[in-house]
1. Here are some conditions: (1) among the aliphatic types (A, V, I, L, M); (2) in contact with a His (Cβ under 9 Å, 6 or more places away or on another chain); (3) at pLDDT below 95. Leu12 meets all but one. Which one does it not meet?
2. Consider Glu212 carefully, then state whether it is within 16 Å of the chain's Cα centre (by Cα), surrounded by fewer than 21 Cβ atoms within 10 Å (Cβ to Cβ) and among the acidic types (Asp, Glu).
3. In segment 200-233, how many residues are of a type in the set (S, T, N, Q) and not in a strand (DSSP E or B)?
4. Within segment 274-285, identify whether any single residue is in contact with a Pro (Cβ under 8 Å, 6 or more places away or on another chain) and either aromatic (Phe, Trp, Tyr) or in contact (Cβ under 8 Å) with a residue 40 or more places away in the chain (or both), and answer yes or no.
5. When you go through (1) hydrophobic (A, V, I, L, M, F, W, C); (2) modelled with pLDDT under 95; (3) out of contact with any Phe, Trp or Tyr (no Cβ under 9 Å at 6 or more places or on another chain) one by one for Ile7, which number turns out not to apply?
6. When residues of segment 174-201 are filtered for being among the hydroxyl-bearing types (Ser, Thr, Tyr) and under 19 Å from the mean Cα position of the chain (by Cα), how many remain?
7. Looking at the structure I just gave you, is Phe62 under 21 Å from Leu103 (Cβ atoms) and touching a residue at least 12 places away in the same chain (Cβ under 8 Å)?
8. Go through (1) exposed (fewer than 15 other Cβ atoms within 10 Å of the Cβ); (2) without any contact (Cβ under 8 Å) to a residue 40 or more places away in the chain; (3) within 27 Å of Glu309 (Cα to Cα) for Glu84 and report which single condition fails.
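The values are calculated or read from the model by the stated rules, or taken from the named source; none is laboratory data. Just so we're clear, the structure is a prediction, and the values are computed from it rather than from any experiment. When we count neighbours, we look across all protein chains shown, and the Cβ atoms used for this are built from the backbone with ideal geometry, even at glycine.
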Amino acid sequence: MVKPNNIPVVDLSSLNGSDNQRLELAQELKDVCHNVGFFIAINHGIPSRKVDQVFDCCHQFFRLPVDQKRLIDKRNSPYFRGWESEGSEYTNNRPDIREQIDLWTEHPPVTVGSQPDCLKLLGPNQWLPETILPGFKAVVSDYIDEMKVLGDKLMGVLAISLGLPVEHFDEMFGKTRMSLAKLIHYPETPSGEFGVNAHHDTGFLTILNPGEVPGLEIQLVDGSWMPVPIVKDGFVINLGEMLQAVTGNYYIATPHRVVASAKRLSIGYFHGPALETSIERLPLSHEYADAVAVSPRHRNAGFMAPIMETQSGVGDMKGTLRASTFGEQLWNYFCRSYPDNVQRFYPDFQAPGVSKK
């Protein structure tokens, strides 16, 4: 059994192997995801040239003058997509010291009538003109497509690990899926602050390319923080709150943060389903609930708390789940992280536990 104070390295070469090989990988990931919630993936199948190309694009973008970056300013997007400057995103009511581009899965905007409000999030990304960054959109889009394929394969193995058919998550996630890619630039983190403050990820599964500069840390069971090492050609994989929710806390979202000692680039991909996807508990056998019942760590695992909860004294990640679908959970995330954008575009919307201005 893997120990909670260790970040294992997992060989994913058997993702494309025989049924027996994938079953062995599923058993390994079951142990890792229950006890740690983080691992470093090697032999994941993503060509190194594509990684090099997308990081080159990141370098080019973040070197641009601010006036050009502002052509895709997130503050102009009702779909919460585009570039943002340092301190624009809030995590646990505190600004994150990073600038980034958010690129959600693109869908045609819909006219929301009696449909769920969360469908307002469907829409286009913002891209710079080709005259400013030739090839940027093509390279980044190709990288995101590679992440989608890897994410689907991992979810298939995780389904097996939970005693479910391999296609369970593929069917559950639906067709109009919403995943997120973040291209992130961290300057050196000022003393007493964080590149991104301690948090859980919102979605199901995160695939992070950490770049070449360390800075990511995970919180151990005793409350201390441990750096995540950089492994050549390795991706950092961690679980989000939605996977924690649907497994009844058997799989857990582990708190993590970033403290950058030097300029740092990273690329995160957050694998998600259709917005209307239910996040009710999966039909798992009793062994999973029994394991949670005897583990205080799992039994008491919380969720990112909305503003009103933290202001009333609830711990940052000790909130209760206030959503029944993935889309509702995204609204909670946007209200917590981008309150000004929510107020600007959706002044009549109020997420559970979030007060209007």
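1. (3)
2. no
3. 2
4. Applying the first criterion (in contact with a Pro (Cβ under 8 Å, 6 or more places away or on another chain)) to segment 274-285 yields 275-276.
Filter once more, keeping what is either aromatic (Phe, Trp, Tyr) or in contact (Cβ under 8 Å) with a residue 40 or more places away in the chain (or both): 275-276.
Yes, that holds for at least one residue.
5. (3)
6. Within segment 174-201, the first condition is being among the hydroxyl-bearing types (Ser, Thr, Tyr), and the residues that meet it are 176, 179, 186, 189, 191.
In the following step, the residues that additionally are under 19 Å from the mean Cα position of the chain (by Cα) were identified as 176, 179, 186.
Total satisfying the criteria: 3.
7. Answer is yes for this residue.
8. (1)
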